[in-house]
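Student: One structure, pasted below without further comment.
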Amino acid sequence: MEHRVALPDGSFVTLAPGATLRYRRAEETGQRIAYLKGEAFFDVFHDESHPFSVLTDQVVSTVLGTSFWVRAVAGQPDVQVQVRTGAVRVSRRTGPSTTESAASVVVRPNQQAVYSPARQQLWRELVAEPVQLAPQSFVFNDRPVAEVLETLSAAYGVDIAYDAKALRSCTLNLSLGNEPLFDKLNLVCEALGARYEAADGRIVFHSQPCAAE
């Protein structure tokens, strides 16, 4: 059963079953530090003068005010930090304190950082099912494909890279609903004979040029 904990700074932590948490007040160190084993969701109170760090055995996640998941479960090969709101800087933990390595990634909504202890590699990727962050209409009547992609990007907060020159003459008649983002992209690709790939927390869209009418 999940357990919700209120921290002295006004932050809240929801601990998954079996998770443990220790917390050091800002008065002791000048920063807010939580030590986590297991899985937890953090809803952090904004305090710019006292950064909030979550330490697991392998990584350090540092924020000012945001909400995010940390999964560092014994027996699982990778550590995951998944952001719901705001941004989190994730670094490999190199010592017993909050020491961080030079390599780090900044993770934003619908992205996650993954660290593999076996490979000692840290990378950023999109979550498996990005959630819609802003209301949008997905009905496109003879609209430029670039507009369709920008609308999807705004709705999900995901960067979509494309060749504007190649898509200059491309238009679509398409009505999308509540499909997941990747299903929406599949429908766009099917209509155009295009393809896409997810890389480093963004989407790269590939399409051949359309013939001008």
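The values are calculated or read from the model by the stated rules, or taken from the named source; none is laboratory data. Here the structure is a predicted model, which means the values were calculated and not measured. Backbone-built Cβ (ideal geometry, glycine too); neighbour counts: all protein chains shown. Heavy atoms of the whole protein, side chains included, go into the accessibility calculation; ligands, DNA and RNA do not. Shrake-Rupley method; radii C 1.70, N 1.55, O 1.52, S 1.80 Å.
Student: How much accessible area per residue does the stretch 1-112 have, counting only protein heavy atoms and a probe of 1.4 Å, in square angstrom?
Tutor: 50
Student: Shifting gears a bit: Mind checking the stretch 13-83 for GluC sites (Glu not before Pro) that DSSP puts in a loop (not H, G, I, E or B) and that have at most 15 other Cβ atoms within 10 Å?
Tutor: Glu48
Student: Go through the cysteines of the chain and tell me which have no other cysteine Cβ under 4.7 Å away.
Tutor: Cys with no partner Cβ under 4.7 Å: Cys189.
Student: Also, I was wondering about something else. Any chance you could look up the accessible area of Val88 with a 1.4 Å probe, heavy atoms only, rounded to 10 Å²?
Tutor: 0
Student: Around Leu64, with a cut-off of 9 angstrom between Cβ atoms, what is the net charge of the other residues, counting Lys and Arg +1 and Asp and Glu -1?
Tutor: Summing Lys/Arg as +1 and Asp/Glu as -1 gives -2.
Student: For Trp123, what accessible area in Å² do you get when you roll a 1.4 Å probe over the heavy atoms of the protein chains, rounding to the nearest 10?
Tutor: Only protein atoms counted, so the area is about 70 Å².
Student: Binning at 5 angstrom from zero up to the longest distance, how are the C-alpha pair distances of the stretch 134-181 distributed in percent?
Tutor: Cα pair-distance distribution for the stretch 134-181, in percent: 5, 21, 31, 25, 15, 3.
Student: For the stretch 43-99, compute Rg over Rh where Rg is the Cα radius of gyration and Rh is the Kirkwood radius from the inverse mean 1/r over Cα pairs.
Tutor: 0.97
Student: Would you calculate the volume per residue, in Å³, of the smallest convex hull containing every Cα atom of the stretch 94-203?
Tutor: Once divided by residue count, the hull of the stretch 94-203 is 125 Å³.
Student: Moving on. Given that compact globular proteins tend to follow 2.2 N^0.38 Å, what is the ratio of the alpha-carbon Rg of the stretch 67-138 to that value?
Tutor: Normalised Cα radius of gyration, the stretch 67-138: 1.23.
Student: While we're here: May I ask for the angle, rounded to the nearest 10°, between helix 181-192 and the longest principal axis of the chain, with both axes built from Cα atoms and the value confined to 0 to 90°?
Tutor: Long axis of 181-192 versus the principal axis of the chain: about 20 degrees.
Student: Give me the angle, in degrees from 0 to 90, between the Cα long axis of helix 145-156 and the longest principal axis of the Cα atoms of the chain, rounded to the nearest 10.
Tutor: Between the helix axis and the principal axis of the chain, the angle is about 20 degrees.
Student: Run the 1.4 Å probe and let me know the accessible area of Thr66, rounded to the nearest 10 Å².
Tutor: Roll a 1.4 Å probe over it and Thr66 shows about 10 Å².
Student: Only sites in a loop by DSSP and with at most 14 other Cβ atoms within 10 Å count here; which chymotrypsin sites (Phe, Trp or Tyr not before Pro) in the stretch 143-213 make the cut?
Tutor: Answer by residue number: there is no such site.
Student: Amide H of Gly201: which non-local residues (sequence gap of 5 or more, or other chain) have their own amide H closer than 5 Å, using H built in the peptide plane?
Tutor: The list, which skips near neighbours in sequence, is Glu125, Leu126.
Student: Need one number: the % of Cα-Cα pairs in the chain sitting beyond the 28 Å mark.
Tutor: Here the tail beyond 28 Å accounts for 39 percent of pairs.
Student: Could you pull out every residue, at least 5 positions away or on a different chain, whose amide H is within less than 5 Å of the one on Ala194? Hs are placed 1.01 Å off N in the peptide plane, and Pro or chain starts have none.
Tutor: none
Student: Separate question: Please list Glu2, Glu190 in order of solvent-accessible area, largest first, computed with a 1.4 Å probe with all protein chains present.
Tutor: Glu190, Glu2
Student: For the pair Ala6/Gln76, report the inter-label distance in nm, with labels modelled 7 Å from Cα in the Cβ direction.
Tutor: 2.9
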